[in-house]
Protein chains: 2
Amino acid sequence: MAPPEARSTEQRKADTLAMLAEENLDGWVTSAPAAGRAHLVPLSLHWTGDRLVIAVEPASVTARNILETRVARIGLGATRDVVMMDVELDAAYPIGEVPASIGEGYATQSDWDPRAVGGDFVYLVLRPTRVQAWREVNELSTRALMREGTWLV
Amino acid sequence: MAPPEARSTEQRKADTLAMLAEENLDGWVTSAPAAGRAHLVPLSLHWTGDRLVIAVEPASVTARNILETRVARIGLGATRDVVMMDVELDAAYPIGEVPASIGEGYATQSDWDPRAVGGDFVYLVLRPTRVQAWREVNELSTRALMREGTWLV
C-alpha cells in the first residue's frame, strides 16, 4: 500500500495541535539518568497550550530521571503518525502545591485526577524545545516543526 | 468508560506472542548513551520467535547507543495495550553479513527490505530479558511475563 501523501509543514502543525488537544492524550515518555539505562513508559499527558504536564509518583523512575537531568523525550500518536517532543523541565509541583489551573486542566483532559486518588504524586511541567511530526519516510526530511523552543511554522 | 477486565497472565502471553507475529510490527525504541540524554524513535521490528531485530543506519543515535551500552527498552502496541521489553544486544550484522534467515525474516514481516534499499544498515539482534504486558491499571500488578530472560508463564 502506498503511504499517504506528504503533508505540508503547516498542515502538520495543525494536526499536531489537534492531537495535543485530544481527550485521554497519552504519550511514550523516555528519560534516562545522567549515567545509566534509558527508561520508557506510556503516561497520560495534559497539554496546556504550550507545556506538557505529567503526574507521576516522586519515587518512579521517570520522576527521578527527569528531576535529575531536567530533560525527556516524548512520543505521541502512533508509530506511523508520530509527534516527537524533546522537553525540558519547567516546574515540579508536589500534589498539595499544584496550581489549580494545572490540576484542573490535567483532570479535564485525562481520564483520572491524581488529586482524587490520595497517593503521592508530583506534577512535572515540561516545556517543548523541539517538535517533530511525521507519518512515513516521505515526511522525514521536513519533520521539524519547532527548534530551540520556537515554532518554525 | 470502565476499563476492560484484567486478563490472565496466560492470556497476556498469548496476546503478546500474537502481537509479535503481526505484519508491519512497529515499536518505540528507547536507548541512551552511557552518559547522556535518552533517545526515542519508532522503528520497524522483526520477531524471530525469540529475538527482536531492528535495522538501522550505523550512524543513527539508536545504533550508536545500543552498540555502546548493549541495552534498549522497546514499547510495542498502543499506550493502553502495552508490551514492554527490556532487551540486550545479542549480535550486530552489517548489511553485507546478515544471515539470510534474519534478512528474509525482516523483509517478510516488515514492509521494507534494507537489503534492497542500497544504503548502509546494521541489523541489531536483541534478546528480551524482561517482558511486561498491560492495558490498564487493573493489570499493572501482574504485568511481568518474563524476568531475566525466562518466561514466567
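Observations on the model:
- Every condition in (1) open to solvent by less than 50 Å² (accessible area, probe 1.4 Å); (2) assigned to a strand (DSSP E or B); (3) under 15 Å from B:Leu40 (Cβ atoms) holds for A:Thr62 except the one numbered (2).
- So B:Arg115, is it within 11 Å of chain A (Cβ to nearest Cβ) and either under 18 Å from B:Asn24 (Cα atoms) or crowded, with 19+ Cβ neighbours inside 10 Å (or both): no
- When restricted to residues that are within 7 Å of another protein chain (Cβ to nearest Cβ) and either more than 20 Å from B:Val131 (Cα to Cα) or free of Cβ contacts under 8 Å to residues at least 24 places away in the same chain (or both), the stretch A:27-68 contains 6.
- Restricting B:Ala116, B:Ala133 to residues that are of a type in the set (A, V, I, L, M) and outside any helix (DSSP H, G or I) narrows the list to B:Ala133.
- Scan of the stretch A:136-153 for residues that are open to solvent by 20 Å² or more (accessible area, probe 1.4 Å), in a strand (DSSP E or B) and not small (Gly, Ala, Ser), ordered by number: A:Arg147, A:Thr150, A:Trp151
- Looking only at the stretch B:71-88, residues that are under 18 Å from B:Leu40 (Cβ atoms) and surrounded by fewer than 17 Cβ atoms within 10 Å (Cβ to Cβ) come to 1 in all.
- Counted residues, the stretch B:1-32 - those being hydroxyl-bearing (Ser, Thr, Tyr) and open to solvent by 10 Å² or more (accessible area, probe 1.4 Å): 2
- Scanning the stretch B:20-40 for residues that are outside any strand (DSSP E or B) and among the aliphatic types (A, V, I, L, M) yields B:Leu20, B:Ala21, B:Leu25, B:Ala32, B:Ala34, B:Ala38.
The values are calculated or read from the model by the stated rules, or taken from the named source; none is laboratory data. Bear in mind that the values here come from a model prediction, so they are computed numbers and not experimental data. All Cβ positions, glycine included, derive from the backbone under ideal geometry; neighbour counts span all protein chains shown. Ligands, DNA and RNA are stripped out before the accessible areas are found, and what is left, the full protein with its side chains, is counted by its heavy atoms. Shrake-Rupley method; radii C 1.70, N 1.55, O 1.52, S 1.80 Å.
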